[in-house]
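A.B. asks: Quick one: the structure is below, and I'll ask about it shortly.
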(Lines give C-alpha, C1' and ligand atoms only; values in the text may rest on other atoms or scores of the structure.)
Protein backbone atom coordinates (compact mmCIF):
# COMPACT_ATOMS: atom_id res chain seq x y z
CA UNK A 1 0.00 0.00 0.00
CA UNK A 2 1.32 3.42 -0.86
CA UNK A 3 0.29 6.73 0.56
CA UNK A 4 -1.53 8.80 -2.02
CA UNK A 5 -2.15 11.77 0.22
CA UNK A 6 -0.11 12.55 3.32
CA UNK A 7 -1.20 15.43 5.48
CA UNK A 8 1.29 16.12 8.23
CA UNK A 9 0.35 18.53 11.00
CA UNK A 10 -1.42 20.86 8.64
CA UNK A 11 -2.44 24.22 10.04
CA UNK A 12 -3.99 27.01 8.10
CA UNK A 13 -4.26 30.50 9.50
CA UNK A 14 -5.98 33.23 7.62
CA UNK A 15 -4.87 36.71 8.32
CA UNK A 16 -7.85 38.96 8.10
CA UNK A 17 -7.41 42.64 7.84
CA UNK A 18 -9.66 44.14 10.42
CA UNK A 19 -11.14 46.50 7.94
CA UNK A 20 -10.65 45.51 4.38
CA UNK A 21 -8.27 47.84 2.66
CA UNK A 22 -9.40 47.85 -0.89
CA UNK A 23 -7.75 50.90 -2.24
CA UNK A 24 -4.14 51.82 -2.55
CA UNK A 25 -4.75 55.15 -0.83
CA UNK A 26 -6.32 53.57 2.24
CA UNK A 27 -3.51 51.05 2.35
CA UNK A 28 -0.83 53.73 2.26
CA UNK A 29 -2.57 55.86 4.85
CA UNK A 30 -2.90 52.93 7.17
CA UNK A 31 0.62 51.76 6.56
CA UNK A 32 1.97 55.17 7.47
CA UNK A 33 -0.19 55.43 10.55
CA UNK A 34 0.64 51.85 11.45
CA UNK A 35 -3.01 51.11 11.65
CA UNK A 36 -2.96 47.97 9.58
CA UNK A 37 -4.42 45.67 12.13
CA UNK A 38 -4.82 42.03 11.52
CA UNK A 39 -6.63 39.27 13.27
CA UNK A 40 -5.87 35.61 12.91
CA UNK A 41 -8.41 33.00 12.04
CA UNK A 42 -7.50 29.36 12.26
CA UNK A 43 -9.23 27.25 9.65
CA UNK A 44 -7.22 24.09 10.25
CA UNK A 45 -5.41 23.23 13.43
CA UNK A 46 -2.74 20.57 13.34
CA UNK A 47 -4.56 18.04 11.17
CA UNK A 48 -2.81 14.86 10.08
CA UNK A 49 -3.95 11.85 8.09
CA UNK A 50 -2.80 9.49 5.36
CA UNK A 51 -4.89 8.23 2.50
CA UNK A 52 -3.82 5.10 0.70
CA UNK A 53 -4.25 4.03 -2.89
CA UNK A 54 -7.73 2.74 -3.62
CA UNK A 55 -9.31 4.19 -0.52
CA UNK A 56 -12.56 6.08 -0.59
CA UNK A 57 -12.50 8.74 2.05
CA UNK A 58 -15.05 11.33 3.00
CA UNK A 59 -14.36 14.63 4.70
CA UNK A 60 -17.37 15.51 6.79
CA UNK A 61 -18.24 18.35 9.07
CA UNK A 62 -20.45 21.39 9.45
CA UNK A 63 -20.11 24.52 7.37
CA UNK A 64 -16.92 26.30 8.35
CA UNK A 65 -15.29 23.15 9.65
CA UNK A 66 -12.31 23.46 7.32
CA UNK A 67 -13.30 20.76 4.82
CA UNK A 68 -13.03 22.98 1.80
CA UNK A 69 -9.81 24.56 3.01
CA UNK A 70 -8.30 21.09 3.39
CA UNK A 71 -9.46 20.24 -0.10
CA UNK A 72 -7.92 23.40 -1.52
CA UNK A 73 -4.61 22.61 0.12
CA UNK A 74 -4.68 19.08 -1.28
CA UNK A 75 -5.55 20.39 -4.73
CA UNK A 76 -2.58 22.79 -4.57
CA UNK A 77 -4.72 25.90 -4.79
CA UNK A 78 -3.54 27.08 -1.38
CA UNK A 79 -0.40 26.50 0.61
CA UNK A 80 -0.70 25.46 4.26
CA UNK A 81 0.65 27.92 6.81
CA UNK A 82 2.29 25.13 8.78
CA UNK A 83 2.83 21.48 8.13
CA UNK A 84 2.81 19.88 4.71
CA UNK A 85 0.65 17.96 2.33
CA UNK A 86 2.21 15.50 -0.05
CA UNK A 87 0.23 14.17 -2.95
CA UNK A 88 1.68 11.23 -4.89
CA UNK A 89 -0.19 11.20 -8.13
CA UNK A 90 -2.38 13.33 -10.29
CA UNK A 91 -5.62 14.87 -9.11
CA UNK A 92 -8.80 15.28 -11.12
CA UNK A 93 -10.88 17.81 -9.25
CA UNK A 94 -14.57 17.62 -9.91
CA UNK A 95 -14.68 21.34 -9.72
CA UNK A 96 -18.03 22.93 -9.21
CA UNK A 97 -19.26 21.55 -12.41
CA UNK A 98 -18.69 23.97 -15.20
CA UNK A 99 -16.43 26.43 -13.38
CA UNK A 100 -13.91 26.09 -16.17
CA UNK A 101 -16.37 26.39 -19.01
CA UNK A 102 -16.51 29.37 -21.27
CA UNK A 103 -20.17 30.08 -22.05
CA UNK A 104 -19.41 31.41 -25.51
CA UNK A 105 -17.53 28.33 -26.66
CA UNK A 106 -19.29 25.25 -27.91
CA UNK A 107 -19.39 22.04 -25.92
CA UNK A 108 -16.73 20.56 -28.16
CA UNK A 109 -14.36 23.49 -27.67
CA UNK A 110 -14.97 23.42 -23.94
CA UNK A 111 -13.99 19.76 -23.71
CA UNK A 112 -10.52 20.64 -24.97
CA UNK A 113 -10.21 23.80 -22.89
CA UNK A 114 -11.34 22.02 -19.73
CA UNK A 115 -8.98 19.14 -20.44
CA UNK A 116 -6.10 21.59 -20.77
CA UNK A 117 -7.04 23.21 -17.47
CA UNK A 118 -6.80 19.80 -15.86
CA UNK A 119 -3.37 19.41 -17.43
CA UNK A 120 -4.17 17.20 -20.41
CA UNK A 121 -2.80 17.51 -23.89
CA UNK A 122 -4.98 18.07 -26.95
CA UNK A 123 -4.15 14.65 -28.35
CA UNK A 124 -5.12 12.91 -25.18
CA UNK A 125 -8.47 14.66 -25.17
CA UNK A 126 -8.95 13.76 -28.82
CA UNK A 127 -8.58 10.08 -28.01
CA UNK A 128 -11.14 10.30 -25.24
CA UNK A 129 -13.45 12.79 -26.90
CA UNK A 130 -16.10 10.41 -28.22
CA UNK A 131 -16.43 8.61 -24.92
CA UNK A 132 -16.73 11.86 -22.99
CA UNK A 133 -19.51 13.14 -25.21
CA UNK A 134 -21.48 9.93 -25.34
CA UNK A 135 -21.25 9.49 -21.59
CA UNK A 136 -22.60 13.02 -21.11
CA UNK A 137 -25.36 12.22 -23.65
CA UNK A 138 -24.71 15.44 -25.47
CA UNK A 139 -24.05 14.26 -29.03
CA UNK A 140 -26.81 16.45 -30.40
CA UNK A 141 -25.78 19.61 -28.63
CA UNK A 142 -22.01 19.40 -28.72
CA UNK A 143 -21.60 22.15 -31.31
CA UNK A 144 -23.89 24.59 -29.52
CA UNK A 145 -22.45 27.27 -27.23
CA UNK A 146 -22.50 26.15 -23.61
CA UNK A 147 -24.38 29.37 -22.80
CA UNK A 148 -27.56 27.69 -24.00
CA UNK A 149 -27.06 24.47 -22.02
CA UNK A 150 -29.26 23.62 -19.08
CA UNK A 151 -27.57 23.27 -15.70
CA UNK A 152 -28.01 19.51 -15.92
CA UNK A 153 -26.25 19.40 -19.27
CA UNK A 154 -23.34 21.44 -17.92
CA UNK A 155 -23.09 19.15 -14.89
CA UNK A 156 -23.08 16.05 -17.10
CA UNK A 157 -20.35 17.40 -19.35
CA UNK A 158 -18.23 18.52 -16.40
CA UNK A 159 -18.56 15.18 -14.66
CA UNK A 160 -17.84 13.31 -17.82
CA UNK A 161 -14.63 15.23 -18.52
CA UNK A 162 -13.37 14.95 -14.95
CA UNK A 163 -13.96 11.23 -14.72
CA UNK A 164 -12.67 10.30 -18.18
CA UNK A 165 -9.31 11.92 -17.81
CA UNK A 166 -6.54 9.88 -16.35
CA UNK A 167 -5.96 10.72 -12.74
CA UNK A 168 -5.07 8.78 -9.62
CA UNK A 169 -7.22 10.79 -7.25
CA UNK A 170 -10.72 12.04 -7.84
CA UNK A 171 -11.74 14.93 -5.64
CA UNK A 172 -15.46 15.54 -5.36
CA UNK A 173 -16.80 18.57 -3.55
CA UNK A 174 -20.55 18.40 -3.00
CA UNK A 175 -21.31 18.66 -6.64
CA UNK A 176 -23.53 15.68 -6.99
CA UNK A 177 -26.46 17.51 -5.52
CA UNK A 178 -27.14 18.94 -8.97
CA UNK A 179 -28.57 16.78 -11.66
CA UNK A 180 -31.60 14.54 -11.65
CA UNK A 181 -31.97 11.07 -10.24
CA UNK A 182 -30.65 9.36 -13.34
CA UNK A 183 -27.56 11.51 -13.43
CA UNK A 184 -26.85 10.93 -9.77
CA UNK A 185 -27.17 7.20 -10.22
CA UNK A 186 -24.81 7.32 -13.17
CA UNK A 187 -22.31 9.34 -11.15
CA UNK A 188 -22.41 6.86 -8.32
CA UNK A 189 -21.89 3.95 -10.69
CA UNK A 190 -19.01 5.70 -12.30
CA UNK A 191 -17.36 6.44 -8.97
CA UNK A 192 -17.77 2.84 -7.83
CA UNK A 193 -16.12 1.72 -11.04
CA UNK A 194 -13.23 4.11 -10.55
CA UNK A 195 -12.74 2.73 -7.07
CA UNK A 196 -12.62 -0.77 -8.49
CA UNK A 197 -9.95 0.39 -10.92
CA UNK A 198 -7.84 1.30 -7.91
CA UNK A 199 -8.38 5.05 -8.04
CA UNK A 200 -8.54 7.01 -4.84
CA UNK A 201 -11.64 8.99 -4.00
CA UNK A 202 -11.83 11.99 -1.75
CA UNK A 203 -15.36 13.09 -1.15
CA UNK A 204 -16.52 16.18 0.70
CA UNK A 205 -20.05 16.33 1.96
CA UNK A 206 -22.30 16.74 4.92
CA UNK A 207 -24.77 14.24 3.59
CA UNK A 208 -23.97 11.28 5.85
CA UNK A 209 -26.20 8.88 3.93
CA UNK A 210 -24.31 9.43 0.71
CA UNK A 211 -21.02 9.22 2.56
CA UNK A 212 -21.92 5.85 4.09
CA UNK A 213 -22.85 4.50 0.70
CA UNK A 214 -19.82 5.73 -1.22
CA UNK A 215 -16.99 5.74 1.26
CA UNK A 216 -15.41 3.21 3.56
CA UNK A 217 -13.66 5.76 5.68
CA UNK A 218 -14.58 9.17 6.99
CA UNK A 219 -12.63 12.03 8.51
CA UNK A 220 -14.63 14.41 10.65
CA UNK A 221 -13.45 17.97 11.02
CA UNK A 222 -14.92 20.59 13.31
CA UNK A 223 -13.65 24.16 13.51
CA UNK A 224 -10.36 23.01 12.10
CA UNK A 225 -9.87 20.18 14.55
CA UNK A 226 -9.73 16.55 13.65
CA UNK A 227 -12.60 15.01 15.61
CA UNK A 228 -12.55 11.46 14.34
CA UNK A 229 -11.00 9.35 11.63
CA UNK A 230 -12.21 5.82 11.03
CA UNK A 231 -14.80 3.59 9.35
CA UNK A 232 -17.42 5.74 7.62
CA UNK A 233 -20.35 4.15 9.45
CA UNK A 234 -18.96 4.78 12.93
CA UNK A 235 -17.70 8.30 12.23
CA UNK A 236 -20.96 9.31 10.56
CA UNK A 237 -23.02 8.00 13.47
CA UNK A 238 -20.82 9.79 15.97
CA UNK A 239 -21.14 12.96 13.91
CA UNK A 240 -24.93 12.74 13.84
CA UNK A 241 -25.10 12.09 17.57
CA UNK A 242 -22.89 15.06 18.21
CA UNK A 243 -25.00 17.26 15.93
CA UNK A 244 -28.10 16.29 17.89
CA UNK A 245 -26.32 17.18 21.10
CA UNK A 246 -25.45 20.57 19.65
CA UNK A 247 -29.05 21.30 18.80
CA UNK A 248 -30.24 20.82 22.34
CA UNK B 1 6.65 26.73 -3.51
CA UNK B 2 9.58 28.30 -5.25
CA UNK B 3 9.88 30.05 -8.54
CA UNK B 4 11.79 27.19 -10.16
CA UNK B 5 8.91 24.83 -9.50
CA UNK B 6 6.50 27.39 -10.92
CA UNK B 7 8.57 27.79 -14.09
CA UNK B 8 8.62 24.02 -14.53
CA UNK B 9 4.86 23.87 -14.11
CA UNK B 10 4.36 26.70 -16.59
CA UNK B 11 6.33 24.75 -19.16
CA UNK B 12 4.23 21.67 -18.41
CA UNK B 13 1.07 23.70 -18.92
CA UNK B 14 2.32 25.37 -22.12
CA UNK B 15 -0.45 23.66 -24.08
CA UNK B 16 -2.98 25.38 -21.82
CA UNK B 17 -1.61 28.73 -22.98
CA UNK B 18 -2.21 27.45 -26.51
CA UNK B 19 -5.80 26.52 -25.74
CA UNK B 20 -6.46 29.87 -24.09
CA UNK B 21 -5.02 31.77 -27.05
CA UNK B 22 -7.18 29.70 -29.39
CA UNK B 23 -10.23 30.53 -27.29
CA UNK B 24 -9.51 34.25 -27.35
CA UNK B 25 -8.98 34.25 -31.09
CA UNK B 26 -12.14 32.25 -31.74
CA UNK B 27 -14.25 34.52 -29.58
CA UNK B 28 -12.76 37.80 -30.73
CA UNK B 29 -14.60 37.95 -34.01
CA UNK B 30 -17.27 35.33 -33.52
CA UNK B 31 -20.62 36.74 -34.52
CA UNK B 32 -19.05 39.57 -36.49
CA UNK B 33 -19.65 39.73 -40.20
CA UNK B 34 -16.15 40.60 -41.35
CA UNK B 35 -14.36 38.45 -38.77
CA UNK B 36 -10.58 38.44 -38.91
CA UNK B 37 -10.75 40.98 -41.69
CA UNK B 38 -11.22 43.53 -38.92
CA UNK B 39 -7.65 43.02 -37.76
CA UNK B 40 -6.59 44.33 -41.14
CA UNK B 41 -9.26 46.95 -41.57
CA UNK B 42 -9.05 48.50 -38.13
CA UNK B 43 -5.44 49.73 -38.29
CA UNK B 44 -5.99 51.08 -41.80
CA UNK B 45 -9.06 53.02 -40.72
CA UNK B 46 -7.35 54.39 -37.61
CA UNK B 47 -4.34 55.40 -39.65
CA UNK B 48 -6.58 57.24 -42.12
CA UNK B 49 -8.28 59.19 -39.36
CA UNK B 50 -4.99 60.15 -37.78
CA UNK B 51 -3.60 61.10 -41.15
CA UNK B 52 -6.47 63.45 -41.87
CA UNK B 53 -6.26 65.01 -38.42
CA UNK B 54 -2.54 65.48 -38.41
CA UNK B 55 -2.10 66.62 -42.00
CA UNK B 56 -4.60 69.42 -41.56
CA UNK B 57 -4.20 70.49 -37.98
CA UNK B 58 -0.56 69.94 -37.25
CA UNK B 59 1.92 69.54 -39.99
CA UNK B 60 5.00 67.53 -39.43
CA UNK B 61 7.63 67.27 -42.01
CA UNK B 62 7.84 63.51 -42.21
CA UNK B 63 8.58 61.53 -45.28
CA UNK B 64 5.94 58.85 -45.97
CA UNK B 65 3.71 59.91 -43.10
CA UNK B 66 1.12 57.08 -43.52
CA UNK B 67 3.75 54.42 -43.06
CA UNK B 68 5.36 56.36 -40.22
CA UNK B 69 2.00 56.48 -38.48
CA UNK B 70 0.96 52.90 -38.95
CA UNK B 71 4.31 51.53 -37.77
CA UNK B 72 4.13 53.42 -34.50
CA UNK B 73 0.47 52.74 -34.11
CA UNK B 74 0.82 48.97 -34.62
CA UNK B 75 3.44 48.73 -31.91
CA UNK B 76 1.67 51.03 -29.48
CA UNK B 77 -1.78 49.56 -29.95
CA UNK B 78 -0.49 46.08 -29.33
CA UNK B 79 1.14 47.22 -26.12
CA UNK B 80 -1.96 49.08 -25.00
CA UNK B 81 -4.41 46.29 -25.80
CA UNK B 82 -2.33 43.41 -24.49
CA UNK B 83 -1.42 45.00 -21.17
CA UNK B 84 -4.99 46.16 -20.58
CA UNK B 85 -6.33 42.66 -21.21
CA UNK B 86 -3.62 41.02 -19.14
CA UNK B 87 -4.45 43.33 -16.24
CA UNK B 88 -7.81 41.62 -15.78
CA UNK B 89 -6.52 38.09 -16.44
CA UNK B 90 -6.33 36.96 -12.82
CA UNK B 91 -9.45 38.80 -11.67
CA UNK B 92 -11.58 37.35 -14.43
CA UNK B 93 -10.36 33.82 -13.94
CA UNK B 94 -10.85 33.95 -10.18
CA UNK B 95 -13.59 31.28 -9.97
CA UNK B 96 -11.28 28.85 -11.70
CA UNK B 97 -8.18 29.69 -9.69
CA UNK B 98 -10.06 28.89 -6.52
CA UNK B 99 -10.78 25.35 -7.68
CA UNK B 100 -7.94 23.96 -9.72
CA UNK B 101 -4.20 24.24 -9.55
CA UNK B 102 -2.91 25.97 -12.64
CA UNK B 103 0.30 28.00 -12.81
CA UNK B 104 -1.19 31.44 -12.53
CA UNK B 105 1.05 33.30 -14.93
CA UNK B 106 -0.57 31.27 -17.72
CA UNK B 107 -3.52 33.66 -17.77
CA UNK B 108 -1.80 37.04 -18.32
CA UNK B 109 0.69 35.43 -20.71
CA UNK B 110 -2.08 33.87 -22.79
CA UNK B 111 -3.79 37.23 -23.16
CA UNK B 112 -0.61 38.96 -24.31
CA UNK B 113 0.02 36.15 -26.76
CA UNK B 114 -3.44 36.27 -28.27
CA UNK B 115 -3.07 40.02 -28.82
CA UNK B 116 0.30 39.31 -30.39
CA UNK B 117 -1.34 36.96 -32.87
CA UNK B 118 -3.88 39.57 -33.92
CA UNK B 119 -1.10 42.10 -34.17
CA UNK B 120 0.70 39.76 -36.54
CA UNK B 121 -2.42 39.84 -38.72
CA UNK B 122 -2.35 43.65 -38.62
CA UNK B 123 1.11 43.56 -40.12
CA UNK B 124 -0.65 42.90 -43.40
CA UNK B 125 -2.03 46.41 -43.10
CA UNK B 126 1.53 47.72 -42.78
CA UNK B 127 2.47 45.77 -45.87
CA UNK B 128 -0.47 47.23 -47.77
CA UNK B 129 0.58 50.77 -46.85
CA UNK B 130 4.13 49.95 -47.92
CA UNK B 131 2.92 48.81 -51.32
CA UNK B 132 0.61 51.78 -51.75
CA UNK B 133 3.26 54.31 -50.83
CA UNK B 134 5.75 52.59 -53.14
CA UNK B 135 8.39 51.92 -50.58
CA UNK B 136 11.60 50.44 -51.91
CA UNK B 137 11.86 46.94 -50.56
CA UNK B 138 15.13 45.85 -48.99
CA UNK B 139 16.32 42.53 -47.70
CA UNK B 140 16.98 44.12 -44.30
CA UNK B 141 13.23 44.55 -43.84
CA UNK B 142 13.03 40.85 -43.11
CA UNK B 143 14.42 41.68 -39.69
CA UNK B 144 11.08 43.29 -38.80
CA UNK B 145 10.18 40.50 -36.40
CA UNK B 146 13.11 41.12 -34.06
CA UNK B 147 11.79 44.38 -32.52
CA UNK B 148 8.37 42.73 -32.29
CA UNK B 149 9.80 39.87 -30.26
CA UNK B 150 11.36 42.44 -27.91
CA UNK B 151 7.93 44.03 -27.69
CA UNK B 152 6.34 40.70 -26.79
CA UNK B 153 8.71 40.29 -23.85
CA UNK B 154 8.22 43.87 -22.73
CA UNK B 155 4.41 43.63 -22.82
CA UNK B 156 4.47 40.25 -21.04
CA UNK B 157 6.49 41.73 -18.20
CA UNK B 158 4.21 44.74 -17.82
CA UNK B 159 1.12 42.52 -18.17
CA UNK B 160 2.21 40.20 -15.37
CA UNK B 161 2.87 43.10 -13.01
CA UNK B 162 -0.51 44.68 -13.77
CA UNK B 163 -2.45 41.44 -13.41
CA UNK B 164 -0.93 40.85 -10.00
CA UNK B 165 -1.38 44.40 -8.75
CA UNK B 166 -4.99 44.59 -9.92
CA UNK B 167 -5.89 41.67 -7.64
CA UNK B 168 -4.94 43.53 -4.51
CA UNK B 169 -5.58 47.09 -5.58
CA UNK B 170 -8.44 47.70 -7.95
CA UNK B 171 -7.22 51.29 -8.25
CA UNK B 172 -4.59 50.12 -10.66
CA UNK B 173 -7.24 49.42 -13.27
CA UNK B 174 -8.43 53.02 -13.14
CA UNK B 175 -4.98 54.50 -12.95
CA UNK B 176 -3.62 52.53 -15.87
CA UNK B 177 -5.94 54.20 -18.36
CA UNK B 178 -4.37 57.55 -17.53
CA UNK B 179 -0.90 56.07 -17.58
CA UNK B 180 -1.32 54.66 -21.07
CA UNK B 181 -2.51 58.06 -22.24
CA UNK B 182 0.60 59.69 -20.83
CA UNK B 183 2.68 56.99 -22.46
CA UNK B 184 0.95 57.58 -25.78
CA UNK B 185 1.95 61.23 -25.79
CA UNK B 186 5.41 60.39 -24.50
CA UNK B 187 5.95 58.07 -27.45
CA UNK B 188 6.46 59.69 -30.82
CA UNK B 189 3.70 57.93 -32.71
CA UNK B 190 2.25 60.77 -34.74
CA UNK B 191 5.00 63.33 -34.27
CA UNK B 192 8.73 63.16 -35.00
CA UNK B 193 11.05 63.12 -32.03
CA UNK B 194 12.73 66.23 -33.50
CA UNK B 195 9.51 68.15 -32.75
CA UNK B 196 10.20 68.15 -29.02
CA UNK B 197 13.01 70.11 -27.38
CA UNK B 198 16.19 68.17 -26.81
CA UNK B 199 15.78 68.38 -23.02
CA UNK B 200 12.60 66.28 -23.33
CA UNK B 201 13.74 64.13 -26.22
CA UNK B 202 16.55 62.83 -24.06
CA UNK B 203 13.97 61.16 -21.81
CA UNK B 204 11.78 59.99 -24.65
CA UNK B 205 14.70 58.07 -26.09
CA UNK B 206 14.85 56.12 -22.84
CA UNK B 207 11.26 55.01 -23.30
CA UNK B 208 11.60 51.32 -24.21
CA UNK B 209 8.50 51.49 -26.38
CA UNK B 210 10.04 54.25 -28.43
CA UNK B 211 13.28 52.33 -28.76
CA UNK B 212 11.27 49.45 -30.23
CA UNK B 213 9.25 51.70 -32.54
CA UNK B 214 12.48 53.33 -33.69
CA UNK B 215 13.98 49.99 -34.72
CA UNK B 216 10.78 48.96 -36.46
CA UNK B 217 10.49 52.23 -38.38
CA UNK B 218 14.10 52.34 -39.48
CA UNK B 219 13.64 48.89 -40.98
CA UNK B 220 10.22 49.39 -42.54
CA UNK B 221 10.52 52.96 -43.79
CA UNK B 222 14.07 53.06 -45.02
CA UNK B 223 15.34 49.51 -44.93
CA UNK B 224 18.17 50.75 -42.74
CA UNK B 225 19.63 48.53 -40.05
CA UNK B 226 19.96 50.66 -36.91
CA UNK B 227 23.30 50.70 -35.08
CA UNK B 228 24.05 48.14 -32.38
CA UNK B 229 23.48 50.37 -29.32
CA UNK B 230 19.83 50.82 -30.31
CA UNK B 231 19.33 47.08 -30.60
CA UNK B 232 21.07 46.46 -27.32
CA UNK B 233 19.02 49.04 -25.47
CA UNK B 234 15.68 47.75 -26.75
CA UNK B 235 16.63 44.13 -26.09
CA UNK B 236 18.00 44.90 -22.64
CA UNK B 237 15.03 46.97 -21.54
CA UNK B 238 12.53 44.37 -22.77
CA UNK B 239 14.32 41.48 -21.16
CA UNK B 240 14.75 43.41 -17.93
CA UNK B 241 11.03 44.19 -17.87
CA UNK B 242 10.21 40.53 -18.49
CA UNK B 243 12.45 39.35 -15.67
CA UNK B 244 11.16 42.04 -13.32
CA UNK B 245 7.56 41.14 -14.21
CA UNK B 246 8.16 37.44 -13.59
CA UNK B 247 9.80 38.06 -10.23
CA UNK B 248 7.14 40.49 -9.02
CA UNK B 249 4.36 38.20 -10.23
CA UNK B 250 5.91 35.28 -8.43
CA UNK B 251 6.06 37.35 -5.28
CA UNK B 252 2.40 38.38 -5.55
CA UNK B 253 0.81 35.14 -6.70
CA UNK B 254 0.85 33.49 -3.28
CA UNK B 255 -1.59 36.07 -1.97
CA UNK B 256 -4.07 35.87 -4.85
CA UNK B 257 -6.18 33.23 -3.20
CA UNK B 258 -6.94 35.56 -0.28
CA UNK B 259 -8.22 38.33 -2.49
CA UNK B 260 -10.08 36.66 -5.34
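A.B. asks: With the checklist (1) within 14 Å of chain A (Cβ to nearest Cβ); (2) outside any helix (DSSP H, G or I); (3) touching a residue at least 12 places away in the same chain (Cβ under 8 Å); (4) surrounded by fewer than 24 Cβ atoms within 10 Å (Cβ to Cβ) in hand, flag the one item residue B:173 doesn't pass.
C.D. replies: Status for residue B:173: all satisfied but (2).
A.B. asks: Can you tell which of A:226, A:221, A:170 is under 17 Å from the mean Cα position of the chain (by Cα), over 23 Å from residue A:113 (Cβ atoms), surrounded by 17 or more Cβ atoms within 10 Å (Cβ to Cβ) and at pLDDT 80 or above?
C.D. replies: One residue alone meets the criteria, A:221.
A.B. asks: Among the residues of segment B:74-113, how many are in contact with a helix residue (DSSP H, G or I) (Cβ under 6 Å, 6 or more places away or on another chain) and under 26 Å from residue B:47 (Cα atoms)?
C.D. replies: Here the count works out to 13.
A.B. asks: Considering only helices (runs of 4 or more DSSP H) fully contained in segment A:172-248, which possess at least 2 residues that are under 12 Å from residue A:61 (Cβ atoms)? First the steps, then the outcome.
C.D. replies: Details: elements: A:181-196, A:208-214, A:232-247.
By residue number, A:208-214, A:232-247.
A.B. asks: From (1) modelled with pLDDT of 85 or more; (2) within 17 Å of the chain's Cα centre (by Cα), pick out the condition that doesn't hold for residue A:81.
C.D. replies: Exception for residue A:81: condition (2).
A.B. asks: Related question: Exactly one of these conditions fails for residue A:48: (1) surrounded by fewer than 16 Cβ atoms within 10 Å (Cβ to Cβ); (2) within 10 Å of another protein chain (Cβ to nearest Cβ); (3) at pLDDT 90 or above. Give me its number.
C.D. replies: Just one mismatch for residue A:48, condition (2).
A.B. asks: Collect the residues in segment B:164-185 that are in contact with a helix residue (DSSP H, G or I) (Cβ under 6 Å, 6 or more places away or on another chain) and farther than 16 Å from residue A:24 by Cα, keeping them in residue-number order.
C.D. replies: Scanning segment B:164-185 gives a single hit, B:180.
A.B. asks: Which residues, counting only those in segment A:87-115, are away from chain B (no Cβ under 12 Å) and in contact with a strand residue (DSSP E or B) (Cβ under 6 Å, 6 or more places away or on another chain)?
C.D. replies: First, pick out the residues of segment A:87-115 that are away from chain B (no Cβ under 12 Å): A:88-89, A:107.
Selection gives A:88, A:89.
A.B. asks: Going by what's in this entry, would residue A:234 be described as over 19 Å from the mean Cα position of the chain (by Cα), farther than 21 Å from residue A:191 by Cβ and at pLDDT 90 or above?
C.D. replies: yes
A.B. asks: Name the pairs whose Cβ atoms lie under 8 Å apart, with the first residue in segment B:88-113 and closer than 19 Å to residue B:174 by Cα and facing another protein chain (nearest Cβ under 9 Å), the second surrounded by fewer than 20 Cβ atoms within 10 Å (Cβ to Cβ) and at pLDDT 95 or above, and 6 or more positions between them or separate chains?
C.D. replies: none
A.B. asks: Any residue at all in segment B:73-95 that's at pLDDT below 85 and on the phi < 0 side of the Ramachandran plot?
C.D. replies: yes
A.B. asks: Determine which member of the set B:124, B:152 is within 12 Å of the chain's Cα centre (by Cα) and away from chain A (no Cβ under 14 Å).
C.D. replies: Working: B:124 fails: within 12 Å of the chain's Cα centre (by Cα).
Only one candidate qualifies: B:152.
A.B. asks: Exactly one of these conditions fails for residue B:54: (1) within 14 Å of chain A (Cβ to nearest Cβ); (2) in contact with a helix residue (DSSP H, G or I) (Cβ under 8 Å, 6 or more places away or on another chain). Give me its number.
C.D. replies: Every condition holds for residue B:54 apart from (1).
A.B. asks: If you don't mind, there's one more thing I want to ask. Give the residues of segment A:65-105 that are assigned to a strand (DSSP E or B) and closer than 21 Å to residue A:3 by Cβ, sorted by residue number.
C.D. replies: A:82, A:83, A:84, A:85, A:86, A:87, A:91, A:92, A:93
A.B. asks: Consider residue B:70 carefully, then state whether it is at pLDDT 90 or above, crowded, with 18+ Cβ neighbours inside 10 Å, within 14 Å of another protein chain (Cβ to nearest Cβ) and within 19 Å of the chain's Cα centre (by Cα).
C.D. replies: no
A.B. asks: Let me ask something else about it. Kindly list, by first and then second residue, each pair from a residue in segment A:179-208 that is over 23 Å from residue A:3 (Cα atoms) to a residue that is outside any helix (DSSP H, G or I) and at pLDDT below 80, limited to pairs with Cβ atoms under 7 Å and residues at least 6 apart or on different chains.
C.D. replies: If the second residue must be outside any helix (DSSP H, G or I) and at pLDDT below 80, the pairs left are A:184/A:176; A:187/A:176.
A.B. asks: Kindly establish whether residue A:157 is more than 30 Å from residue A:66 (Cβ to Cβ), touching a residue at least 40 places away in the same chain (Cβ under 8 Å) and assigned to a helix (DSSP H, G or I).
C.D. replies: The answer is yes for residue A:157.
A.B. asks: Here's another thing I want to ask about it. Inside segment A:75-86, can you point out the residues that are touching a strand residue (DSSP E or B) at 6+ places or on another chain (Cβ under 7 Å) and facing chain B (nearest Cβ under 10 Å)? Write out each step before concluding.
C.D. replies: Step one: filter segment A:75-86 for residues touching a strand residue (DSSP E or B) at 6+ places or on another chain (Cβ under 7 Å), giving A:75, A:80-86.
The one that is touching a strand residue (DSSP E or B) at 6+ places or on another chain (Cβ under 7 Å) and facing chain B (nearest Cβ under 10 Å): A:75.
A.B. asks: Taking segment B:75-87, which residues are under 16 Å from residue B:148 (Cα atoms) and in contact (Cβ under 8 Å) with a residue 60 or more places away in the chain?
C.D. replies: B:75, B:76, B:78, B:79, B:80, B:82, B:83
A.B. asks: May I ask you to verify whether residue B:165 is in a helix (DSSP H, G or I), at pLDDT 95 or above and within 21 Å of residue B:50 (Cβ to Cβ)?
C.D. replies: In short, no.
A.B. asks: Go through segment A:88-111 residue by residue and tally those that are touching a residue at least 12 places away in the same chain (Cβ under 8 Å) and crowded, with 21+ Cβ neighbours inside 10 Å.
C.D. replies: 13
A.B. asks: For segment A:116-131, check the following and say yes or no: at least one residue is under 17 Å from the mean Cα position of the chain (by Cα), crowded, with 22+ Cβ neighbours inside 10 Å and either assigned to a loop (DSSP other than H, G, I, E, B) or within 14 Å of chain B (Cβ to nearest Cβ) (or both).
C.D. replies: Keep residues of segment A:116-131 that are under 17 Å from the mean Cα position of the chain (by Cα), which gives A:117-119.
With the extra rule that they be crowded, with 22+ Cβ neighbours inside 10 Å, the set shrinks to A:117-118.
Filter again for either assigned to a loop (DSSP other than H, G, I, E, B) or within 14 Å of chain B (Cβ to nearest Cβ) (or both), leaving A:117-118.
Yes, because at least one residue in segment A:116-131 is under 17 Å from the mean Cα position of the chain (by Cα), crowded, with 22+ Cβ neighbours inside 10 Å and either assigned to a loop (DSSP other than H, G, I, E, B) or within 14 Å of chain B (Cβ to nearest Cβ) (or both).
The values are calculated or read from the model by the stated rules, or taken from the named source; none is laboratory data. No experiment lies behind these values; they were computed from the predicted model shown. Note that each Cβ is placed from the backbone with ideal geometry, even for glycine, and that neighbours are counted across all protein chains shown.
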